[in-house]
Amino acid sequence: MPKLPYSFYQQEDVISLAKQLLGKKLFTLINGELTGGIIVETEAYNGIIDKASHAYNGRFTPRTSTMYKTGGISYVYLCYGIHHLFNVVTGVEGSPHAVLIRGLEPTDGLSTMFKRRNMQSLAPKITAGPGALAKALGIDKNLNAKDLLGDEVWIEDVKTKYRNTQIIASPRVGVAYAQDNALLPWRFYIKGSQFVSKPNS
DNA sequence: TACGGGATCGTCT
DNA sequence: GACGATCCCGTAG
């Protein structure tokens, strides 16, 4: 399948884009090991007006500078000192929009994922949750600010789209501190998928 | 099954 | 010097 083009990532509406990413396939190729799967859960972070975003109110630091670049690159950062979280930078240069990938249905490189996750057999927890899927795909800070049309990390288009009725919109996870923005329904996931990070219905 | 807390460190104040 | 866009394991019921 072809990689998603820059024109996809440079769409203005990050909310719509987060929904469109459901059903696409995310891959990494690290040290010759290919791993990947179908995206089943995302969250949109909507630029400088979004209190849950690292770039809220135009905050620009060495870490967040990646978010301000042109859509079509990765944004990886460390959370709670332990977990790497993988985001897609979207929009035009100067607009710090991003989509957090939170859930993945593994399809490629299962044995490599087992090894990285220290697991023996397939269980949802292997890639359910942003920290878990990053570890399964071998994602760490070295994959920050990578071109998503390169050969280390990329997203492929997929013909079979989910129907709208299979997509649930809900509040984002872990952003209670964002006050009046905390309840915005900017988390999207596939209804009933086992690889979504929280109970779904 | 459900809940609670510890792990662990880069980033910004 | 405090705190997370989290995960995992222990304990209890």
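Each of A:V153, A:S16, A:I190 was placed along the dipole of chain A (beta-carbon charges, centred on the mean Cα), and the one lying farthest toward the positive end is A:I190.
Specify the inter-centroid distance of region A:143-201 and region A:17-76, based on alpha-carbon positions, in whole Å. Centre-to-centre distance over Cα atoms comes out at 10 Å.
For chain A, modelled as a GNM whose springs connect Cα atoms under 10 angstrom apart, the maximal fluctuation among A:I139, A:I73, A:I168 occurs at A:I168.
Annotation for region A:15-70: trypsin sites (Lys or Arg not before Pro) lying in DSSP loop with at most 13 further Cβ atoms inside 10 Å of their Cβ are A:R59.
Using the eigenvalues of the Cα gyration tensor, what equivalent ellipsoid semi-axes result for chain A when each is taken as the square root of five times the eigenvalue, whole Å, largest first? If you can, show how the numbers build up before the last one.
Values: eigenvalues 110, 73, 58 Å².
After scaling each eigenvalue by five and taking roots: 24, 19, 17 Å.
Under 5 Å between amide hydrogens, built in the peptide plane, is the criterion, and for A:E105 it picks out A:I38, A:I39, A:V40 among residues at least 5 positions away or on other chains. The order of A:Y6, A:Y162, A:Y68 by accessible area, most exposed first and with a 1.4 Å probe, is A:Y6, A:Y162, A:Y68. For A:G91, nonlocal amide neighbours, meaning residues 5 or more places apart or on other chains whose placed amide H falls under 5 Å from its own, are A:Q10, A:Q11, A:G71. Under a 5 Å amide H cut-off, with hydrogens placed 1.01 Å from N, A:K191 pairs with A:I167, A:I168 among residues at least 5 apart or on other chains.
If we count GluC sites (Glu not before Pro) as exposed when they sit in a DSSP loop and have at most 16 other beta carbons within 10 Å, what is the longest stretch of chain A that avoids them all?
A:13-92
For A:G32, what is the net charge nearby, where nearby means another residue's Cβ is under 13 Å from its Cβ and Lys, Arg count +1, Asp, Glu -1? Provide the component values of the computation, followed by the final result.
Working: positive: none; negative: A:E33, A:D151, A:E152.
Summing Lys and Arg as +1 and Asp and Glu as -1 gives -3.
Think of it as helices only: each DSSP H run of n ≥ 4 in chain A is worth -39500 (n - 2.57), and spread over all residues that comes to -3000 deg cm²/dmol at 222 nm. Build a GNM of chain A with springs between Cα atoms under 10 Å apart, and of A:Q11, A:Q20, A:Q120 the one that fluctuates most is A:Q120.
Using θ = phi - 60° in the Karplus curve 6.51 cos²θ - 1.76 cosθ + 1.60, the 3J(HN,Hα) couplings for region A:79-92 round to 10, 6, x, 10, 9, 8, 10, 9, 10, 9, 7, 10, x, 8 Hz; x is entered for Gly and Pro. With q set to 0.14, 0.23 Å⁻¹, the log10 of I(q)/I(0) for region A:1-100, from the Debye formula over equal scatterers at the Cα positions, is -0.52, -1.30. Among A:L137, A:L183, A:L85, the largest mean-square fluctuation in a Gaussian network model of chain A, built with springs joining Cα atoms closer than 10 Å, belongs to A:L183. Restricting attention to region A:6-190, lysine pairs at least eight places apart or on different chains and with alpha-carbon atoms under 18 angstrom apart total 14.
The values are calculated or read from the model by the stated rules, or taken from the named source; none is laboratory data. Keep in mind that what you see is a predicted model, and the values were worked out from it rather than measured. Glycine gets a Cβ as well: all are built from the backbone with ideal geometry, and neighbour counts include every protein chain shown. With ligands, DNA and RNA removed, areas are computed over all heavy atoms of the protein, side chains included. Shrake-Rupley method; radii C 1.70, N 1.55, O 1.52, S 1.80 Å.
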